[in-house]
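Worksheet: one structure, shown below.
The values are calculated or read from the model by the stated rules, or taken from the named source; none is laboratory data. Computed from a predicted structure; not experimentally measured. In this analysis, Cβ positions are derived from the backbone assuming ideal geometry, glycine residues included, and neighbour counts consider all displayed protein chains.
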Amino acid sequence: MSSVLLNVENLEVFYGSIHALKGLNFTVNTGEVVSLIGANGAGKTTTLRAISGLVPVRGKIEFSGKDLVSVPTHQRVSLGIAQSPEGRGVFPQMSILENLEMGAYSRSDKAQIKTDLEMCFDLFPRLKERLQQMAGTLSGGEQQMLAISRALMCKPKMLLLDEPSLGLAPLIVAQIFEIVKKLNNEGMTILLVEQNARMALKISHRAYVLETGRIVMADSAQNLLSNDEVRKSYLGI
Amino acid sequence: MQDFIQHIINGISLGSIYALIALGYTMVYGILKMINFAHSDVYMVGAFAAYYVARFLGIENNPGFSTLITLLLFSMLSCAILGLAIERFAYRPLRKAPKLNILITAIGVSLFLEYGGQVVFGADPKVFPEVMKDFVLFNIADVELKSFDVTVLLVSLIAMLGLQFLIFKTKLGRAMRAVSANSSVASLLGVNPDRIITFTFIVGSALAGIGSVLVGMKYPKIDPLMGMMIGLKAFVAAVLGGIGNVGGAVLGALIMGLSEEMVVAYLSSTYRDALAFGILIVILIFKPAGLLGKYSVEKV
C-alpha cells in the first residue's frame, strides 16, 4: 500500500454551462479499495467517466506516472484501466460468452484469456451455466456480475466500479461486495463509486465524500464510518 | 402455374439485388443511427467504375466468369474507397453534431455525387460491359432458370453468407455489434469506435458495388442518376425489415422484389414504383419499427 497508482489533480468537468466537477484532488494507491461516496448528482459517475476518458476534462489525471488526459478512451484500457459502467452496459443481444470476449478485445494472449475466463467463472459460477444465453435476458444481479467479469477480462491494473449495487436485492448486493473484497485480497486495485455508503465503506480502505462537484471529506473508511456527519448524512443513523 | 414459378424466380433475383444495397443502409443505420442517403450514389459510382475498368482492360465484349470476377472486385474496391472517403471527410467531422446536420450532409453528398457524376461521366446513358451471356441453364417443366438469375442469386447468397459470418463469427463483427449496441461502453473495452464505423462503411459500400455489377449485367444501361430509384427501393426494403437489422434488410428486400415482380406480372407495370412507396406508407402506419425491428422510444 505504498505506490500511487492513480493521481488526480484539479480535475474539472463541464457539461455545457454546468460545472460538474470543481477541481478534485485525490489518489488511489496500488492494492487499495477507495470509495467515492455522495448523493445523487455529486459528481461520482462523472469522475469515473473522466478517468476513462468519456468526458472532456481540465486538470491532471496520472495513471502509473503517465498523463492520461490526451489518451483516447479505447487506449486507456491497454494501459490498465477497466470500468464496469453505471447501469451495467452489457450488450443485450450478445451471449454471455461474447460479452466476456468483448472484454478481452484489446488482448492477444489467447492462453491467458482462457485462464482469465475460468477465473471469472470461479468468481461467478452462474455465468458459466448460461454461456450462450443472451445478456439481455439475465437478471439485474447477473448482469452486474457479467459487467464486472467483462471488466476483469480487460486484465486491468485498476478496476472502476460504478454503482454495483444499483437496483439489486440486498442479498445480491452482499454477494457482489463479497466478490469485490475478494478481488482486492487477490491484489486488485479498486475505485468504487457507491450510493450505498455503508456497504462501500465496509470494504474500503479509504474514501472521499463528494458534494456537488467537490470533495468535502477524505479519510480512512473506518474513521468515516464513525464520523457523526457521515453517519447522519449518508448512513441514515 | 409455370408463369407463377417463373415470376417467383425473377422476384427473388430482383430482391437479392435490393438486399445487397439495403444491407448498406441498415448497417450504417445500426451503427451511426443515420440514413446514409449517399449510399445509392456509391452504388452508381460502382457501376461506372466497372464500366471504365472493363474499357481500360479491353474486356467489355468478353463475357465470362473472369470478367464477372474482375468487375465485381474493381467495383467493390472503388465503392469501398468512396464509402471510406465519404465517412472520413463528410460524416466524421459531424460525429458530435445534431443528427439533422448529418442528415442534411448526407443529402448533400448524394446530390454532389449525382450531379458531379453527370459532369464527369456525362449525363447520357452508357452501355454496361457484357458481363456474361444470358442463356437458359435449366428448363424444368417449362420453368426457365437463366444464367443471369442464377449468377445474381449465387453471388448475392455468397456475399450475404460472408457478411453473416463476418458479423456473427469474427472479432471484428463482434466489435461492430458492440459499437452498434453502445459505442461508449465498447470504447471502455478497448474498441476504437471510429475504426469500426469506417469498416462498416467499407463493407456496406462494397456490397453496393456487388449490386451495381449484377444490375449492370441484367439491365446494361447506366447513368449518373441510376441510383435514385433503386436506392429508394432498397431503403424502403431496409425500413420494411426493420432498419438496423441485418436479417430484416434481406427479408424486406425479398418481399419488395417479389411483390414488385407480381405487380408487374398481374396488375400493370405502371404501378411498379408506386408499390414501393405504398409499402413504405403502410409499414410506417402499422408497424413503424419494421417486420423484425424492435420499437424503441427515442431517448433525449
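Key figures for this structure:
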item: Selection from region B:160-181 of residues that are within 14 Å of chain A (Cβ to nearest Cβ) and surrounded by fewer than 17 Cβ atoms within 10 Å (Cβ to Cβ); result: B:168, B:169, B:170, B:171, B:172
item: Positions within region B:126-152 being within 24 Å of residue B:226 (Cα to Cα) and loosely packed, with under 14 Cβ neighbours inside 10 Å, in sequence order; result: B:127, B:133
item: In region B:123-142, the residues that are in contact (Cβ under 8 Å) with a residue 60 or more places away in the chain and out of contact with any Asp or Glu (no Cβ under 6 Å at 6 or more places or on another chain); result: B:123, B:124, B:126, B:127, B:128, B:130, B:131, B:132, B:133, B:141, B:142
item: Top-ranked residue in region B:182-196 [being buried (at least 22 other Cβ atoms within 10 Å of the Cβ) and touching a Phe, Trp or Tyr at 6+ places or on another chain (Cβ under 9 Å); ranked as farthest from the other protein chains (Cβ to nearest Cβ)]; result: B:186
item: Where residue B:193 falls short, out of the listed (1) closer than 18 Å to residue A:78 by Cα; (2) touching a strand residue (DSSP E or B) at 6+ places or on another chain (Cβ under 8 Å); result: (2)
item: Inter-residue pairs, beta-carbon under 6 Å, first in the same structural domain as residue A:48 (by TED's automatic domain parsing) and in region A:213-226, second hydroxyl-bearing (Ser, Thr, Tyr) and surrounded by 15 or more Cβ atoms within 10 Å (Cβ to Cβ), 6+ apart; result: A:215/A:208; A:218/A:208; A:221/A:204
item: Subset tally (residues that are farther than 20 Å from residue B:192 by Cα and of a type in the set (Lys, Arg)) for region A:89-111; result: 1
item: Residue A:158 vs. criteria surrounded by 22 or more Cβ atoms within 10 Å (Cβ to Cβ) and in contact with a strand residue (DSSP E or B) (Cβ under 7 Å, 6 or more places away or on another chain); result: yes
item: Residue within region B:27-41 that is in a loop (DSSP other than H, G, I, E, B), in contact with a strand residue (DSSP E or B) (Cβ under 9 Å, 6 or more places away or on another chain) and buried (at least 20 other Cβ atoms within 10 Å of the Cβ) present; result: no
item: Filter result (closer than 23 Å to residue B:193 by Cα, touching a Ser or Thr at 6+ places or on another chain (Cβ under 9 Å) and in contact (Cβ under 8 Å) with a residue 60 or more places away in the chain) within region B:92-122; result: B:92
item: Unique match (being surrounded by fewer than 24 Cβ atoms within 10 Å (Cβ to Cβ) and either aromatic (Phe, Trp, Tyr) or closer than 18 Å to residue B:203 by Cβ (or both)) among B:68, B:72, B:23, B:57; result: B:72
item: Members of region A:55-113 that are touching a residue at least 24 places away in the same chain (Cβ under 8 Å), loosely packed, with under 15 Cβ neighbours inside 10 Å and in a strand (DSSP E or B); result: A:58, A:60
item: Qualifying residue in region B:220-228 (condition: in a helix (DSSP H, G or I), more than 14 Å from chain A (Cβ to nearest Cβ) and in contact with a Ser or Thr (Cβ under 8 Å, 6 or more places away or on another chain)); result: yes
item: Given (1) more than 14 Å from every other protein chain (Cβ to nearest Cβ); (2) crowded, with 16+ Cβ neighbours inside 10 Å; (3) in contact (Cβ under 8 Å) with a residue 40 or more places away in the chain; (4) not acidic (Asp, Glu), index of the condition residue A:127 fails; result: (3)
item: Strands (runs of 3 or more DSSP E) (entirely within region A:147-217) containing at least 2 residues that are over 13 Å from the mean Cα position of the chain (by Cα); result: A:206-211
item: Residues of region B:143-159 that turn out to be over 11 Å from residue B:13 (Cβ atoms) and either without any contact (Cβ under 8 Å) to a residue 12 or more places away in the chain or in contact with a helix residue (DSSP H, G or I) (Cβ under 6 Å, 6 or more places away or on another chain) (or both), as a count; result: 3
item: Those residues of region A:74-116 which are facing another protein chain (nearest Cβ under 7 Å) and of a type in the set (Ser, Thr, Tyr), in sequence order; result: A:78, A:105, A:106
